[in-house]
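A.B. asks: I'd like to ask you about the structure that follows.
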Amino acid sequence: MKKFLLAMFIALPFMFMSCSGDDDAVDPDGDGDDFEGETKSFELYSVADPSISGTATFMENEDNSTTVEIELDGTPDGGMHPAHIHYNTAAEGGDIAVSFEPIDGATGMSTTTFSTLDDGTNITYEEAINFDGYINVHLSADDLGTLVAQGDIGENELTGESKNYMLEEKAVEGISGNVMFQERVNGEALATIMLDGTPEDGEYPAHIHMGSVAESPGDIAFTFTPVNGATGMSKTNVAALDDGTAFMYNDVLSYDGYVNVHLSADELGTLVAQNDIGANELTGESKTYELDERAVEGISGTVMFEERMSGAALATIMLDGTPEDGMHPAHIHMGSFVEGPGDIAFTFNPVNGATGMSMTQVEMLDDDTEFGYEEVLNYDGYVNVHLSAEDLATVVAQGDIGANELTGESKTYELGEKDVEGISGSVMFEERMSGEALATIMLDGTPADGMHPAHIHMGTAAEGPGDIAFTFNPVNGATGMSMTHVAMLDDDTEFGYEDVLNYDGYVNVHLSADDLGTLVAQGDIGQNELTGESASYDLGSVDVEGIMGTAMFEERLNGETLVTIMLDGTPADGMHPAHIHVGSVADAPGDIAITLNSVNGATGMSATNVTKFNGEDGDMIDYNGLLEYDGYINVHLSADDLETLVAQGNVGSNS
């Protein structure tokens, strides 16, 4: 039976039909005139017997009286079914206003003409079709308590507009359903609660409460007719709040409230079904942010913000791994978590360890500044979930939100080993929604007790040392990690993700704050990144046996060139000047065109950023220009002995 009623309930807005027309009305005088009155039909819905339903058609007569023709399908032969117009709505019930001729079960028909109510009050056709009433069709004169069909009429007729809200399972497993509000012609509403899983002997009080579920308990604003456990149904006319304030269909749609259905009048504390309505309804728009594990292993999850019709939000934190007896304070803090600790901006309801859940209404910050769904999406903040109210310093889960959310765009640069063997890694810049960036340095091989300062320097590593442009948070030797929010250079110049990608700079990671001269890792970034295009030239032994190697030209994103000379056999204490000369080895000696950094004998290496020819007014030359250049490289024994060549080779067009 419940399944049938639920199906009928859901179908009501679509089944509702009424018609008004100029069909020939009944001629009560029988004089055969041509009067054509208006007609209006109202649906009569099944009640006790799902097979019985029909219509009541009101017809205007020439004398302004009304003829009502009731036509039902499914009535049993031999039955005579009393029918009446009652005062009020079917949901409210009321006394009899007009008695119809009984309906003949054999035909399902009854025709009644009237111009007065049963109490003698005059009533016209217009007043009849706008009457505050409903029609009941009873099983028999001896069983008026059993209704076979029923329908609201007049101003209580349903317009076809409706709004449905789900009622979710709460304390009693298996009980859930919905509440539907249907608009009446007079602007009031019919509220129908339908629940599955209610025991047949139950009576379940139900109310609209003030506020949202997340803010509960709120005061009772409106009382529904209790839900009948046998049918799972409650029907209530909605016209005024319990305090007498007008409360119509449109007011329901914008009301700041929620519905509770309780276990019984004696056990109002036990909720069987619940959900937000009106302004608190969720639009379907939502945003989820990850909350990553922090100080307590195994605790992580998400925070989801769901938009309400009012523009406010429902925030739901869901964590895995919380201890059952824990209560975990949670807040939105100002700034990004790598800049933390930031001041508390918004306080969530604590996360219940037993469920791992917290639900909070979001509409204002703690300082009463407006803070709805859209504000959350653009907020410069992060979420912390703490171990307990007594131990706020221990963060169990954390994540950036709003403007600090990562877009998924990122750029990684290698940080190569320098003065300390075995330490190398990378720096990754991740774009935030705000256009700023999160910089994460990850190094392998750092000593556990070390703290390693790190900076972006101006220029290329080959041109260094360049001035410090940006300071990272130090790299923790125990984890090899540093995380830093990137928004401005140290001189307060704007410096976001796109600026990083185009910056003329490089990263140095130092051994310690007391030993900045010792570099543990280094790498070019931004426009100085290498494209992967390169050309290698052999440098053969000349005057000193055993010294030979290569010169590699590598293209940068900005079109400049990193020239790296690598020689084997150089003496450890040597410094070997190197140049690109004009012409070919066969044409030597040619003039010096470009001076390269000297080759360090200890490493056999020299790295030079090449952008132009020698001289203050030297012409610019890019990577492609070098590949086409008519030149050769000389590496000399020392600055004092340029005549002795230790390595030599053609480059560019001479290779």
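The values are calculated or read from the model by the stated rules, or taken from the named source; none is laboratory data. Treat the numbers as computed from the prediction; the structure is a model and nothing was measured. Please note: Cβ atoms are built from the backbone with ideal geometry, for glycine as well, and neighbour counts cover all protein chains shown. Surface accessibility is based on the protein's heavy atoms, side chains included, excluding ligands, DNA and RNA. Shrake-Rupley method; radii C 1.70, N 1.55, O 1.52, S 1.80 Å.
A.B. asks: Taking R0 as 25 Å, what FRET efficiency do you get between Glu494 and Asp343 from their Cβ-Cβ distance, rounded to the nearest 0.05?
C.D. replies: Efficiency for this residue pair is about 0.60.
A.B. asks: So, one more: Count the net charge of all other residues whose Cβ sits under 14 Å from the Cβ of Asp118, scoring Lys and Arg as +1 and Asp and Glu as -1.
C.D. replies: Residues close to Asp118 contribute a combined charge of -3.
A.B. asks: Kindly list the residues of the range 49-90 that lie in the label zone of Thr121, defined by a backbone N under 16 Å from the point 7 Å along the Cα-to-C-beta vector.
C.D. replies: So the set is 85-89.
A.B. asks: Another question, then. Would you work out what percent of the accessible area of the chain, with all protein chains in place, is carbon or sulfur (probe 1.4 Å)?
C.D. replies: Ligands and nucleic acids excluded, carbon and sulfur give 48 percent.
A.B. asks: Set the Förster radius R0 to 35 Å, insert the Cβ-Cβ distance between Ser254 and Gln527 as r into 1/(1 + (r/R0)^6), and round the FRET efficiency to 0.05.
C.D. replies: 0.05
A.B. asks: In Å³ and rounded to a whole number, note down the convex hull volume per residue for the Cα atoms of the range 522-627.
C.D. replies: Once divided by residue count, the hull of the range 522-627 is 119 Å³.
A.B. asks: Can you compute 3J(HN,Hα) from phi for each residue in the range 417-430, using the Karplus curve 6.51 cos²θ - 1.76 cosθ + 1.60 with θ = phi - 60°, rounded to whole Hz and x for Gly and Pro?
C.D. replies: Those phi angles translate into 4, 10, 8, 10, 4, x, 9, 7, x, 7, 10, 10, 9, 10 Hz.
A.B. asks: With a Förster radius of 51 Å, plug the Cβ-Cβ distance of Asp514 and Asp325 into 1/(1 + (r/R0)^6) and report the FRET value to the nearest 0.05.
C.D. replies: Calculated value: 0.65.
A.B. asks: Taking N as the number of residues in the range 102-162, what is its Cα Rg relative to 2.2 N^0.38 Å?
C.D. replies: That ratio works out to 1.31.
A.B. asks: Give me the dipole magnitude in Debye, nearest 20, for the range 181-247 about the Cα centre, with unit charges on the beta carbon: positive for Lys and Arg, negative for Asp and Glu.
C.D. replies: Charge dipole of the range 181-247: 200 debye, to the nearest 20.
A.B. asks: Determine the relative contact order of the chain: mean sequence separation of Cα pairs under 8 Å and six or more apart, normalised by residue count, in whole percent.
C.D. replies: 6
A.B. asks: Output the peptides 250-259, 312-321 sorted from most to least packed, where packing is the average of other Cβ atoms within 10 Å over each peptide's residues.
C.D. replies: Ranking, from highest mean packing down: 312-321, 250-259.
A.B. asks: Let me ask something additional. Treating only the Cβ atoms of Lys and Arg (+1) and Asp and Glu (-1) as charged, compute the dipole magnitude of the chain about its Cα centre; round to the nearest 20 debye.
C.D. replies: With only Lys, Arg, Asp and Glu charged at Cβ, the dipole is about 2000 debye.
A.B. asks: In addition: Could you give each residue of the range 537-547 its phi-based ³J(HN,Hα) in whole Hz, using Karplus coefficients 6.51, -1.76, 1.60 with θ = phi - 60°, and x for Gly or Pro?
C.D. replies: Once rounded to whole Hz, the list reads 10, 6, 10, x, 5, 10, 8, 10, 4, x, 9.
A.B. asks: Now, a different point. For the range 485-619, what's the relative contact order in percent, using C-alpha pairs closer than 8 Å and at least 6 residues apart?
C.D. replies: 15
A.B. asks: Right, another one. If you find the alpha carbon centre of the range 579-655 and of the range 260-291, how far apart are they in angstrom?
C.D. replies: That distance is 76 Å.
A.B. asks: Give the shape of the range 436-570 as rounded, prolate or oblate, defined through the alpha-carbon gyration tensor: a ≥ b ≥ c are the square roots of its eigenvalues, a/c under 1.5 means rounded, and otherwise the shape is prolate if a/b is larger than b/c and oblate if not.
C.D. replies: Note, shape of the range 436-570 comes out oblate.
A.B. asks: In addition: Restricting things to alpha carbons, tell me how big the range 119-206 is in terms of Rg and Dmax, in Å.
C.D. replies: For the range 119-206, the Cα radius of gyration and maximum Cα-Cα distance read 17.6, 54 Å.
A.B. asks: Then there's this: Tell me which GluC sites (Glu not before Pro) from the range 159-216 have a DSSP coil assignment and no more than 12 other beta carbons within 10 Å of their own.
C.D. replies: Glu173, Glu200
A.B. asks: At most 10 other Cβ atoms within 10 Å and a DSSP loop assignment: could you name the GluC sites (Glu not before Pro) in the range 255-356 that fit?
C.D. replies: Passing both the DSSP loop test and the Cβ count: Glu297, Glu324.
A.B. asks: Could you work out how far apart the two model spin labels at Thr113 and Asp543 are, taking each label as a point 7 Å from the Cα in the direction of the beta carbon, and quote it in nm?
C.D. replies: Once both label points are built, they end up 13.5 nm from each other.
A.B. asks: While we're looking at this one, here's another question. Name the residue farthest towards the positive end of the dipole of the chain from the options Gly546, Leu557, Leu596, assuming +1 on Cβ of Lys and Arg, -1 on Cβ of Asp and Glu, about the Cα centre.
C.D. replies: Gly546
A.B. asks: Test of the criteria: in the range 562-655, which GluC sites (Glu not before Pro) are in a DSSP loop and have at most 14 other Cβ atoms within 10 angstrom of their Cβ?
C.D. replies: Glu616, Glu628
A.B. asks: Please compute the volume of the convex hull spanned by the alpha-carbon atoms of the range 39-194 and report it per residue in Å³.
C.D. replies: 127
A.B. asks: Continuing with this model, one more query. Dividing the convex hull volume of the Cα atoms of the range 595-643 by its residue count, what figure in Å³ per residue is obtained?
C.D. replies: Looking at the range 595-643, the number lands at 108 Å³ per residue.
A.B. asks: Over the chain, average the accessible area per residue using a 1.4 Å probe and give it in Å², no decimals.
C.D. replies: 45
A.B. asks: Where does helix 2-15 land angle-wise versus the long Cα axis of the chain, in degrees 0 to 90, nearest 10?
C.D. replies: 90
A.B. asks: A further question on this structure: Show the residues, 5+ positions off or on another chain, whose built amide H is closer than 5 Å to the amide H of Asn404.
C.D. replies: Those lying under 5 Å, H to H, from Asn404 are Gly381.
A.B. asks: Please report the net charge: other residues with Cβ closer than 10 Å to the Cβ of Gly549, K and R +1, D and E -1.
C.D. replies: Local charge sum for Gly549: -2.
A.B. asks: So how far apart, in nm, are the two label points at Thr270 and Thr479 if each is 7 Å from Cα heading toward Cβ?
C.D. replies: Going from the Thr270 label point to the Thr479 one covers 4.8 nm.
A.B. asks: Quick one: Karplus J couplings for the range 396-406, per residue in order, coefficients 6.51, -1.76, 1.60, θ = phi - 60°, nearest Hz, x for Gly and Pro?
C.D. replies: 9, 7, 7, x, 6, 9, x, 5, 8, 4, 7
A.B. asks: Something else now. Give the Rg (one decimal place) followed by the Dmax (whole number) of the chain, computed from C-alpha coordinates and expressed in Å.
C.D. replies: In order Rg, Dmax, the Cα atoms of the chain give 42.1, 137 Å.
A.B. asks: If you place +1 on the Cβ of every Lys and Arg and -1 on the Cβ of every Asp and Glu, how big does the dipole about the Cα centre of the range 521-653 come out, in debye to the nearest 20?
C.D. replies: 220
A.B. asks: Report the one residue of Leu489, Gly459, Ser115 whose Cα lies farthest in the direction of the positive end of the charge dipole of the chain (charges on C-beta: Lys and Arg +1, Asp and Glu -1; origin at the Cα centre).
C.D. replies: Of the candidates, Gly459 comes out farthest on the positive side.
A.B. asks: Let me ask something additional. With only alpha-carbon pairs counted, each pair once and no self-pairs, how large is the Kirkwood hydrodynamic radius of the range 231-335 in angstroms?
C.D. replies: 17.4
A.B. asks: Ratio of the range 329-464's C-alpha Rg to 2.2 N^0.38 Å, to two decimals?
C.D. replies: Computed over Cα atoms of the range 329-464, the ratio equals 1.34.
A.B. asks: Starting from the residue with the highest accessible area, list Glu62, Glu431, Glu390 in decreasing order, probe 1.4 Å.
C.D. replies: Glu390, Glu62, Glu431
A.B. asks: Here is a further query. Pairs of alpha-carbon atoms within less than 8 angstrom and 6+ residues apart define the contacts here; what relative contact order does the range 181-262 have, in percent?
C.D. replies: Computed value for the range 181-262: 37 percent relative contact order.
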